[in-house]
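*Asks:* One structure, pasted below without further comment.
The values are calculated or read from the model by the stated rules, or taken from the named source; none is laboratory data. Keep in mind it's a predicted model, so treat the numbers as computed, not measured. Note that each Cβ is placed from the backbone with ideal geometry, even for glycine, and that neighbours are counted across all protein chains shown. SASA here: full protein model, heavy atoms, side chains in, ligands and nucleic acids out. Shrake-Rupley method; radii C 1.70, N 1.55, O 1.52, S 1.80 Å.
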Amino acid sequence: MFIGKMGFQQNFQTNFLSGQRKIPSKPQQSTQKPRISKDTFTQSTKHMIYLEMNQTKNKLTPLKAESITYAEYIPSEDLTKEIVPPSEKDYTEKDALLYQYIKQHATSLTFEKDGIDAPRFFMGEVTEEELESFRQELLKNGVDNEIDWWQVRSDFSWNDITLDNVSKIEQKVDYICSRYAVLKNRIENQYTGEEKQKNLQMLQDIYDYGKKEVLNSYAENIGGFFENLGQSVSEEMKTSLNAIIDKKTAEYETYIAQNKNYASLSNEEDTWLYQDDAFMAAQLRKSVAKEQGEGTQNKYHYNHSDRFDFSEYLQNNIDGKITGEDLSEKDVSYSLEDLKFAGIYADTMKNYLDNSYWGYGDQNDAALGKKFAEQFCNIKNITSKLNIGKNLKQAIEKTFKPFLNKLMDKIDKGIEENRKDSLYGSRFHYIDRIAVFQFFHKSI
């Protein structure tokens, strides 16, 4: 996330940050006492050693043991909480209240983001009493009608897709689409003429930027996994995801047009919340998808062994994250569920591949080929039960053998380590890949 620019005075920047000290002139040097460096570089339980410097010598001088007072570390509950993007959390009425409070009480520092300046520096604690008092002010005075474009742009920049968060891709897509639909509806109803067109263009630019982040990060991090295994699917996945986002956005716009009162408030008097577009977008998502439950966010931890049961690892990773329903889109090559599964599959197999296999001792390469065939059949069974689309099934099947080759490369590296540090029962000859694939094909 963009933070901003802060300037330092030149002397501070050149002398302090560079670690340089100002050297006194010769007359000054002749009258000064020997200087002692403030930089402690070693410490023991009984003595402190420091560097004494003067014109003629540098020497180490022991000090007598002294009591030293250290500041006690007290963890702050607020600082230890995980900081997550707005697209990965539920934006509540309290979040909206905190947001408005911080906007009003931020220190006046200028942060620059593509020509948009805004105060965004807040330190301190807020009590429940202060928040309630501020809420009462909002009831009387309302909130600023101007759209907080700095915050909108900031929120749209948090939505890149990685192997670690790809299971939340639907959540991220819904966030972008709903926020855009709410803001577009607000602009169309709040502004007219040139001001309306100016704000619509600003919204479109931010939307395009946020969507580009999602598309490029998915293509690089998930599509790249398949590309590295010989399947050129990144651009097709990117095209499908782009079409899905545009379709969802249109669906949200249609829903708003047909359901003017989609937002619900805990307190009917808090009408100022209708001016908080992040809150309204969260209400829109709830209204559209109120029957959908949240999948588990727990990551399955697995210790690898010679059993090579990465299909079991995959099954545990998809539990609660893939619906298993046929959600294929006729007008795209990959549905959103396909793209989510592709990411979870890539994450699973990459993590498995990243583990070392030093100490591998199985001497039977035919058995290894059969084991790989078993894993292949198990994964095909998983994709069939989940109604994964044809294109993704083919990509997974075509990348399986290249994946096995990379896995055996890793095993062979472990075997090389066995030769350096021999252990009883370890293997010292490389995997016979001809034998492995011969029995692999026989077994499937």
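*Asks:* For Asp412, Asp362, give me the order by solvent-accessible area with a 1.4 Å probe, most accessible first, ignoring ligands, DNA and RNA.
*Replies:* Largest accessible area first, the list is Asp362, Asp412.
*Asks:* Let me ask something else. Stretched out fully, how many nm does the piece from Thr192 to Glu397 gain, at 0.36 nm a residue minus the Cα gap?
*Replies:* Length gained between Thr192 and Glu397: 68.3 nm.
*Asks:* How large is ³J(HN,Hα) for each residue in the stretch 230-238, as worked out from phi by the Karplus curve 6.51 cos²θ - 1.76 cosθ + 1.60 (θ = phi - 60°), to whole Hz, x for Gly and Pro?
*Replies:* With coefficients 6.51, -1.76 and 1.60, one gets x, 10, 8, 10, 4, 5, 5, 5, 5 Hz.
*Asks:* Still on this model: Kindly flag which residue pairs out of Lys103/Lys290; Lys340/Lys385; Lys350/Lys410 have an alpha-carbon separation exceeding 19 Å in this structure.
*Replies:* Pairs exceeding the cut-off: Lys103/Lys290.
*Asks:* Using the Cα centre of the stretch 355-421 as the reference point, and only Cβ charges (+1 on K/R, -1 on D/E), how large is the resulting charge dipole? Debye, rounded to the nearest 20. Working shown, then result.
*Replies:* Working: 13 positive and 9 negative charges, 98 e Å.
Using Cβ point charges on Lys, Arg, Asp and Glu, the stretch 355-421 gives about 480 debye.
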